[in-house]
2 protein chains.
Amino acid sequence: MIYTIEPIGEIITAFKNKAGMPIQSNGAKGIKGQIVLKEAFVEGLKDLDGFSHIIVIYRFHKSQSFEMLTTPFLDTKKRGLFATRAPNRPNCIGLSVVRLVSIEGNVLNIENVDMLDGTPLLDIKPYIPAFDVHEAERVGWTEERTNELPEVKSDSRFE
Amino acid sequence: MIYTIEPIGEIITAFKNKAGMPIQSNGAKGIKGQIVLKEAFVEGLKDLDGFSHIIVIYRFHKSQSFEMLTTPFLDTKKRGLFATRAPNRPNCIGLSVVRLVSIEGNVLNIENVDMLDGTPLLDIKPYIPAFDVHEAERVGWTEERTNELPEVKSDSRFE
């Protein structure tokens, strides 16, 4: 079975290229962007302004291929693709939780933006800690690396 | 632009119908299931066993349509679709964080399962609190409802 998906909007950011981008929204604090939703979906934004954070699901639209082993930004060793957040992956689905600053018509002003400019938007969901926070005892190869998050930026390895 | 996506595996659970299902993985503690990955992707599982929790992205394959306003399980009022986690939504992309118990070849044994049996798998990512936990000050209409999560089950409203 093959499914089709169609963007419901577009994400506008200052990042024209992967090199130099933050690698996660928690490494992008205060960086502003916008989501421009197609007009047909604006009614679905009702009540969303009550949430301080939203889950944004999007297409890694510059990803063309993937390899089963890949070297993530926070490491120097090849890791299994599904043990990384690399953008080059099957189905090219990206996931970021961003701060929702305001909604004006079909435009959402957001912060903590780690997406490329022009990223196709696939879905928006409310971020709800009671649903979305989980007590993870083990974080694999990232254990001693995540404190580097604010400093580490993307490079061109996934171009 | 329209994209195609193709499942990389399937999720096996005890839930044959939506009615009676847990509505979130945090309302499904201890409920077991399996992810069966297509053989072509098994190499990508390397290093994943170091993580206690994984993000599972999948197709809400029983969703056929959506409405811009919908009444979520934890409420009695219609809310904007993007302010809910309802399965009937554009692009039908579902997201659950589950506990990874073990990996045997192309089979991942998981817990905290809130998906239908036969759900098409689109992606697996490691759950990393440093990336995935955000301090949300406001949770909109859900504020006084999320304590009901363990008791509330799905019904047939989204069939």
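So the values come out like this:
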| read-out | value |
| --- | --- |
| Qualifying positions in region A:127-159 - at pLDDT below 90 and among the small types (G, A, S) | A:S154, A:S156 |
| Qualifying residue in region A:40-57 (condition: buried (at least 21 other Cβ atoms within 10 Å of the Cβ), more than 9 Å from every other protein chain (Cβ to nearest Cβ) and either β-branched (V, I, T) or farther than 18 Å from A:D117 by Cα (or both)) | yes |
| The lone exception for B:T4 - which of (1) at the interface with another protein chain (Cβ under 7 Å from one of its Cβ atoms); (2) surrounded by fewer than 21 Cβ atoms within 10 Å (Cβ to Cβ); (3) in contact with a Phe, Trp or Tyr (Cβ under 6 Å, 6 or more places away or on another chain) it fails | (3) |
| Selection within region A:62-105 - touching a helix residue (DSSP H, G or I) at 6+ places or on another chain (Cβ under 9 Å), farther than 21 Å from B:A83 by Cβ and within 8 Å of chain B (Cβ to nearest Cβ) | A:M68, A:L69, A:R79, A:G80, A:L81, A:F82, A:A83, A:T84, A:R85, A:R89, A:P90 |
| Breaking point among (1) surrounded by fewer than 22 Cβ atoms within 10 Å (Cβ to Cβ); (2) closer than 27 Å to B:I2 by Cβ, for A:K77 | (2) |
| Qualifying positions in region A:106-115 - out of contact with any His (no Cβ under 9 Å at 6 or more places or on another chain) and either modelled with pLDDT of 95 or more or at the interface with chain B (Cβ under 9 Å from one of its Cβ atoms) (or both) | A:N106, A:V107, A:L108, A:N109, A:I110, A:E111, A:V113, A:M115 |
| Selected residue (only one of B:L122, B:L37 is within 16 Å of A:P90 (Cβ to Cβ), at pLDDT 95 or above and in contact with a helix residue (DSSP H, G or I) (Cβ under 6 Å, 6 or more places away or on another chain)) | B:L122 |
| Answer from A:V101, A:V107, A:V139 - the residue that is surrounded by fewer than 19 Cβ atoms within 10 Å (Cβ to Cβ), over 15 Å from A:S25 (Cβ atoms), touching a strand residue (DSSP E or B) at 6+ places or on another chain (Cβ under 9 Å) and among the β-branched types (V, I, T) | A:V107 |
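Yes or no, residue by residue, for (1) crowded, with 21+ Cβ neighbours inside 10 Å; (2) in a strand (DSSP E or B); (3) at the interface with chain B (Cβ under 10 Å from one of its Cβ atoms):
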{"position": "A:D117", "(1), (2), (3)": "no, no, no"}
{"position": "A:L122", "(1), (2), (3)": "yes, yes, yes"}
{"position": "A:K125", "(1), (2), (3)": "yes, yes, yes"}
{"position": "A:A130", "(1), (2), (3)": "no, no, yes"}
{"position": "A:E135", "(1), (2), (3)": "no, no, yes"}
{"position": "A:E144", "(1), (2), (3)": "no, no, no"}
{"position": "A:E151", "(1), (2), (3)": "no, no, no"}
{"position": "A:R157", "(1), (2), (3)": "no, no, no"}
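The values are calculated or read from the model by the stated rules, or taken from the named source; none is laboratory data. Quick caveat, the model's predicted, so the values are computed rather than measured. Note: ideal-geometry Cβ built from the backbone for every residue, glycine included; neighbour counts use all protein chains shown.
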